[in-house]
Amino acid sequence: MRGMRALSDIMEEFGRLSGLQLNRKKSRVYFSSRCTQQEERAFALGVDRGELPVKYLGDPLTVNYAREQDCHSLVDFAQRRVEGWQAAGLSFGGRIELVRSVIAGITMFWFQSIQIPTATIRKVEAICADFIWRGGMHAISWDQLCRPREEGGVGLRTLHAVRKAACEKMAWRFIKGGSLWADWMANRYLRRNNFWACRIDNNFSVTFKAILRCRPVLQTAICRNMKDGTTTDLWLDPWVGSRSLLEILGGQLDREAGRGLTCSRIIREGVWRPETYPYTTQLAEEIRLVTIDESQQADSWSWAGPGTGGGSGLFCFRSCYDLVRSHHNRTEEMDFIWGKGVARKMQLCAYRLLRGRLMTRDRLLRFGIQITDAKCVLCNEEDESMGHIFFVCPVSWHIWTEQCSQLRGGVGTDRDIRSILNWIRDHSGRDPGWARRARVRLAASVWHIWKERNRRIFEGLTTPPIGILHSIEFDVSVMAP
Ligand SMILES: [Zn+2]
């Protein structure tokens, strides 16, 4: 109790000297679990007792692993965003864009400060995926949607990779230094140890352990700007082609003898003198390739991750994400679908067709969904399938051959989207303009055929082929004038 009174007095005194009065209504006191009589103590101080972890703008502040129950507000955030009034009636493309913005919001705020538990990540991703598929069956898995477009996805980001990238960013901020946080962390945990050689200790905080685990990836994405060499550790810092001399020379090195030496030891009058240490000739050559600039500036790190093209050297989240995400084969067809000049809704429809994931009647039946009629609503002759409805059905084939006559490039005889894409590629020759127009016509045809199919099924309305052709012509004139 005496301690509480002393604390209260200190706050009073602080208020008297600084003019900053403690607002007891807005304050909370937090006790450790070992502290008994918490209620009385809080009462003595005149403020309410708070529950750990402390929350700042809804985000739990903790030095330990955040638990799933601490991150409820993140799940609520995602839920509220996708359930908002603007989400009602969004198209497939609109829902994807909304999910993209939800993930961007989470990335900017939550992932920059704490280690989000995997269980929470799964929950948020499940909310997003359910929203995209309107709570129904997921025609394309979340992981596949989260690939870049040219690798068969729609360019969303997985939160697992976002979490890794955010952690790399924190490690980057740490090695860059120049902030109170970085100085404090270095003093607290690193002291005289080198960041790259420091062993992970159980006494380190969760954050610092996470930072140290980022080193292997970080090392591949940064490069050392050598100035006078006085702050670069000769053996331990990765400064020769993103590797350290310790890594390159390994066992040949007497670690104790080289302790604490900096690169400035082998720079004389602005020139490398690697021969003062026993390097192999090839290594000495590599060292000479590192430029020295003995101005007043200190050595520093710059970001040279993928896609930055050795530009500004500033951290780039996109580049970092690219480094930590999983990679898949690029497909030429996907490049073709996402090419410029085609409306997003049409790109997405062609994307789903190319992936074989449009919900045609044969698929609905296969998934056990009861429907009364399996016939194609365009011709009423054959059963509806993706293979039939777009280019085999006489109605859609008529629409596509009309497009081909507009293109003046002949008609491909194959009747599926993959072959037609190949046909366009083979016939584009030296005329990229023709290929672009062909792509636009293909995407518009696919979209209008699918739209007509849906109108016939869900609205009971029928447009004759000439009307569909008019609509296609109008869209083409907008996209490829
Ligand atoms: Zn048909």
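The table for this structure:
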| item | result |
| --- | --- |
| Residue identified as closer than 19 Å to Arg415 by Cα, aliphatic (A, V, I, L, M) and within 16 Å of the ligand (Cβ to nearest atom) among Leu354, Leu378 | Leu378 |
| Wholly enclosed helices (runs of 4 or more DSSP H) of the range 236-343 bearing at least 3 residues farther than 17 Å from Pro216 by Cα | 281-289, 332-337 |
| Only one of Arg122, Arg81, Arg149, Arg134 that is more than 30 Å from Arg363 (Cα to Cα) and either in contact (Cβ under 8 Å) with a residue 40 or more places away in the chain or not small (Gly, Ala, Ser) (or both) | Arg81 |
| Residue check for Arg318: modelled with pLDDT of 85 or more, among the charged types (D, E, K, R) and under 21 Å from the mean Cα position of the chain (by Cα) | yes |
| Set Arg173, Arg147: member being in contact with a Leu (Cβ under 9 Å, 6 or more places away or on another chain) and modelled with pLDDT of 90 or more | Arg147 |
| All positions within the range 33-50 that are in a helix (DSSP H, G or I) and either acidic (Asp, Glu) or in contact with a strand residue (DSSP E or B) (Cβ under 8 Å, 6 or more places away or on another chain) (or both) | Gln38, Glu39, Glu40, Arg41, Ala42, Leu45 |
| Single match in Ile371, Ile420 (criterion: over 26 Å from Gly153 (Cα atoms), aliphatic (A, V, I, L, M) and more than 13 Å from the ligand (Cβ to nearest atom)) | Ile371 |
| Residues that are at pLDDT below 80 and touching a helix residue (DSSP H, G or I) at 6+ places or on another chain (Cβ under 8 Å), drawn from the range 30-48 | Phe31, Cys35, Arg41, Ala44, Leu45, Gly46 |
| Scope the range 310-361; condition closer than 15 Å to Gly153 by Cα and polar (S, T, N, Q); matching residues | Ser326, Asn329, Thr331, Gln347 |
| Search result, residues across the range 93-140 that are charged (D, E, K, R) and in a helix (DSSP H, G or I) | Arg95, Glu97, Arg100, Arg122, Lys123, Glu125, Asp130 |
| Every residue from the range 1-32 that is of a type in the set (S, T, N, Q) and assigned to a helix (DSSP H, G or I) | Ser8, Ser18 |
| Residues within the range 302-333 that are touching a Phe, Trp or Tyr at 6+ places or on another chain (Cβ under 6 Å) and among the acidic types (Asp, Glu), tallied | 0 |
| Residue in the range 341-348 that is without any contact (Cβ under 8 Å) to a residue 24 or more places away in the chain and crowded, with 17+ Cβ neighbours inside 10 Å present | no |
| Search result, residues across the range 405-417 that are surrounded by 16 or more Cβ atoms within 10 Å (Cβ to Cβ), closer than 26 Å to Arg357 by Cβ and more than 15 Å from the ligand (Cβ to nearest atom) | Gly412, Ile417 |
| Candidates Thr308, Thr360, Thr262 - the one that is modelled with pLDDT of 85 or more, β-branched (Val, Ile, Thr), buried (at least 16 other Cβ atoms within 10 Å of the Cβ) and more than 30 Å from Val476 (Cα to Cα) | Thr262 |
| Filter pass, Thr331 being under 35 Å from the mean Cα position of the chain (by Cα), away from the ligand (no atom under 16 Å from the Cβ) and of a type in the set (Ser, Thr, Tyr) | yes |
| Residue match in the range 382-404 (condition: near the ligand (Cβ under 9 Å from one of its atoms), in contact with a strand residue (DSSP E or B) (Cβ under 9 Å, 6 or more places away or on another chain) and free of Cβ contacts under 8 Å to residues at least 12 places away in the same chain) | yes |
| Only listed residue being modelled with pLDDT under 90, within 16 Å of Gly341 (Cα to Cα) and surrounded by 13 or more Cβ atoms within 10 Å (Cβ to Cβ), chosen from Ala435, Ala443 | Ala435 |
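The values are calculated or read from the model by the stated rules, or taken from the named source; none is laboratory data. Everything numeric here is computed off the predicted structure, so don't read it as measured data. In this analysis, Cβ positions are derived from the backbone assuming ideal geometry, glycine residues included, and neighbour counts consider all displayed protein chains.
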